Every structure is written in C-alpha cells, then in structure tokens.
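Chemist: The structure is given below, and queries will be raised subsequently.
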Amino acid sequence: MVVEPPRKVYRVGAPMIGTRYFGIVDQGTNIVEVRPTSLCPLNCIFCSVAAGPLERRRWADFIADREELAEALRAVAKLKGPGLEVHIDGMGEPAVYPELVELVSDIRGIKEVEAISMQTRLFMLSEEKIRELAEAGLDRINLSLDALEPALAKRLAGASYYDPARAAALAEFAVRNTRMDVLVSPVWLPGLNDGELPKIAKWAVEAGLGKRWPPVLIQKYLPHKRGRRPDGVRPVEWPEFWRWLRRLEKELGIRLDWRGENPFRVERRPAVPKPHRAGERVKARVIARGVFKGEYLAVPLKLSGDPLLDRSITVTSDKRLREGDEVVARIIEDEDNVYIARAELVFPQSA
C-alpha cells in the first residue's frame, strides 16, 4: 500500500519573486499582485488553482515571510514609480494570512502605492478585523460571491460551513462603516448559477457597493490545467460571454460591461527584470515541496541579495527530491517572471 505524504505548511523567507505559490507577480503594469499565502479553507468546485483542505493533488502550502514580502514590494514599487495599486490575492485565501493587517500597513507605508485591494471570500473575517484592515489602509475588497442561495453557495464552495449571508453582511458593514469600497466579482458558471447573478448584481447596487469602483464585475469561467472542472458546466467563448453580459445588463439596468473604459486605471509600467530565461540551465537547491505533487520549491545556489534579481523557482521532477538536494534544472517557462524548470541532474543531500 502506498502511503500518501501529509501536506506540509512552510513559512518561507525565500526570494519573493519567481513562483506562483507566494510573493509578487508582475505583469508589467501599475497593478502589482501580492500573494501572502496558498492556504484556503474552502474547496470551490471550480477553483482554478485547486485550493482547499480536501485537494489530494496538493502536498504543500505556503505562508510568506511578511518582512521579506514587504521588502521585495518596496523594491518593485521604486522601479515602477507612483500611482500603483497593490492587489492582495493568491493561490489561496488572503484573509487567512496571520499578519494580514500588518501586511496592509506595510504596503500603505510605500510611497508609490496609491490603492490597496484584496480578493477574498470574506466570510472568515469579523467586523472588528474589517475595521482594522480599513484603518491599516485597505481601500477595496473584491468579494468572491457566486451565489446567494445557501445550498447552492455551499455546493459551489465545496464546504457546508460556508455562509454567503455572512459574506454579504460583512460587505455591507464595510461600505457603511469604513472608508473601504467593495465590489462583488462572481464567476458565471453556465448552467449552475445563472439565476444567482441577477440577484447578486441587484444586491450589490442596493447595498451601496461601488463607492469608487464598479459595484459588480462578473467573471467568465476559465478552466485551467490544474483547476477543478465542475460537472455539467460548458465553458463559453468570449463573444458569447459578452453577448450574455450585455443582455443581463439591459435586463437589470445595471452597468456590467466595462470594456472601452478603464475604471481601474491600468497602464503599462516597467516590468521587473528577468535574470533567467526559458531554455537556460540553473543550479539550485531544493528548500521545500511545491504546492502540487511532483513539484519542488528551489532557489539558485548563487543569490545576489537583491529582491529584484533573486528568484524562487518551481522545479518538477519524476524522482522524489528532498529538502537540501541540489539540482541542475532547465527553465521551461518564464512568463511574468514566474519560473518553472525541469530537473535534469540531481545531487542528493549528504546523509
């Protein structure tokens, strides 16, 4: 009998650029994504990153070191210049990060940062925590809410303890009692939650969401290689999505299609430099498992100490690796400074 290894949770102080597990993801704009953790209490049936405690393909999760994360973000912000939005997101639920308020405060102290936003299911927070986040400097909550009907919401979340009414109530509290704004960003799952989206959009407007930003931003379901695919959901192409959205917009009398405008003021900015390129071989040391089985987190043997140049690397291997093993790995992906490499030579740690 094969015994599955338990999932490990790592508190990491590795380079904060280079991996999707945690840290900073930069797409060359004035919006910088910050990922403090990959942990999530839910098991959403359409999750693009297969997060949650029940996922058997995952064998590790990460909690980023706050001080190193803030240090790297300060360097990125200095490179990009003023007028930045920092969006707290991740391969998990940012609201479970143990130093979330402190992280928001760190970000607010960066002079180039104009706005701070966070993607969240919200229900695990409290009114007190929301006040603390607002006082620390959080400007906007992007609320992931895909159904208001309790049974369907619990089914979509893959968790009987998920409460959409609590999430909605906390969103209303935030917009009525703090300086923060809230926008709701449901995912349209054709055939599953069609009837819920009009209710969510009406609720958002009636509750006063959208003080500074759009109140509703409906997302198209996009199946991902490692994500979950709910039974019976047929992904639609973009033209069909936009036709459907315009019909819903006309039916409700609520603005839903924001093409042609730029409500989030996205603009091109200098991208973080790439110290490695696809096809290049790097010598690296394994410091942890990766999120998914067969993946490992590694760092190059030679680090500069500069957060703009040092990288974490996801290494894949058919052979089981151990923390401390050294590898020669060929980089096969380098998009957005996220590095995935294939181990070609392995030098096991000494016994």
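The values are calculated or read from the model by the stated rules, or taken from the named source; none is laboratory data. As the structure is a computational prediction, the values presented were derived from the model and not from experiment. We place every Cβ from the backbone using ideal geometry, glycine too, and count neighbours over all the protein chains shown.
Chemist: Show me the strands (runs of 3 or more DSSP E) entirely contained within segment 271-351 in which 1 or more residues are loosely packed, with under 15 Cβ neighbours inside 10 Å and not hydroxyl-bearing (S, T, Y).
Modeler: 281-289, 326-333, 340-347
Chemist: Restricting to segment 156-209, name every residue that is of a type outside the set (G, A, S), in a loop (DSSP other than H, G, I, E, B) and farther than 27 Å from F241 by Cα.
Modeler: Scanning segment 156-209 gives Y161, Y162, D163, T178, R179, M180.
Chemist: Same structure, new question: Checking the conditions here, which among T37, T29 is outside the structural domain of D310 (by TED's automatic domain parsing), in contact with a strand residue (DSSP E or B) (Cβ under 9 Å, 6 or more places away or on another chain), under 22 Å from L143 (Cβ atoms) and of a type in the set (S, T, Y)? Let's see the steps before the verdict.
Modeler: On the way: T29 fails: under 22 Å from L143 (Cβ atoms).
The match here is T37.
Chemist: If only one of L69, L79, L42, L54 is in contact with a Gly (Cβ under 9 Å, 6 or more places away or on another chain) and under 18 Å from D310 (Cα atoms), which one is it?
Modeler: Numbers: L79 fails: in contact with a Gly (Cβ under 9 Å, 6 or more places away or on another chain); L42 fails: under 18 Å from D310 (Cα atoms); L54 fails: under 18 Å from D310 (Cα atoms).
Checking each option against the conditions leaves just L69.
Chemist: Which residue pairs have Cβ atoms closer than 6 Å, lie 6 or more positions apart in sequence or on different chains, and pair a first residue in segment 168-187 that is under 12 Å from G208 (Cα atoms) and in the same structural domain as G210 (by TED's automatic domain parsing) with a second residue that is of a type in the set (D, E) and part of a helix (DSSP H, G or I)?
Modeler: Close Cβ pairs (under 6 Å, with a partner that is of a type in the set (D, E) and part of a helix (DSSP H, G or I)) amount to F173/E127.
Chemist: Which of the residues belonging to segment 202-219 are surrounded by 17 or more Cβ atoms within 10 Å (Cβ to Cβ) and either outside the structural domain of S185 (by TED's automatic domain parsing) or under 18 Å from the mean Cα position of the chain (by Cα) (or both)?
Modeler: Selection gives L217, I218.
Chemist: Another question, then. Going through segment 265-286 one residue at a time, which ones are of a type outside the set (D, E, K, R) and more than 22 Å from the chain's Cα centre (by Cα)?
Modeler: Going residue by residue through segment 265-286, those that are of a type outside the set (D, E, K, R) are 266, 270-273, 275-276, 278-279, 282, 284, 286.
P275, H276, A278, G279, V282, A284, V286 - these are the residues of segment 265-286 that are of a type outside the set (D, E, K, R) and more than 22 Å from the chain's Cα centre (by Cα).
Chemist: Of all residues in segment 243-264 being under 24 Å from the mean Cα position of the chain (by Cα), surrounded by 11 or more Cβ atoms within 10 Å (Cβ to Cβ) and of a type outside the set (A, V, I, L, M, F, W, C), which is modelled with the lowest pLDDT?
Modeler: Applying the filter and picking the extreme gives P263.
Chemist: Still on this structure: Are there any pairs, at least 6 apart or on different chains, whose C-beta atoms fall under 7 Å, with the first in segment 143-155 and within 17 Å of P190 (Cβ to Cβ) and the second among the basic types (K, R) and assigned to a helix (DSSP H, G or I), and if so, which?
Modeler: Cβ pairs passing all conditions: none.
Chemist: Here is a list: R229, R234. Which entry is assigned to a loop (DSSP other than H, G, I, E, B), touching a residue at least 40 places away in the same chain (Cβ under 8 Å) and touching a Gly at 6+ places or on another chain (Cβ under 9 Å)?
Modeler: Within the list R229, R234, the selection yields R234.
Chemist: When the residues of segment 220-241 are filtered to those that are out of contact with any strand residue (DSSP E or B) (no Cβ under 9 Å at 6 or more places or on another chain) and surrounded by 15 or more Cβ atoms within 10 Å (Cβ to Cβ), which remaining residue is farthest from R155 (Cα to Cα)?
Modeler: Step by step, filter segment 220-241, then rank; the result is G227.
Chemist: Answer yes or no: is there a residue in segment 268-286 that is within 30 Å of R243 (Cβ to Cβ) and in contact (Cβ under 8 Å) with a residue 24 or more places away in the chain.
Modeler: Within segment 268-286, one or more residues are within 30 Å of R243 (Cβ to Cβ) and in contact (Cβ under 8 Å) with a residue 24 or more places away in the chain.
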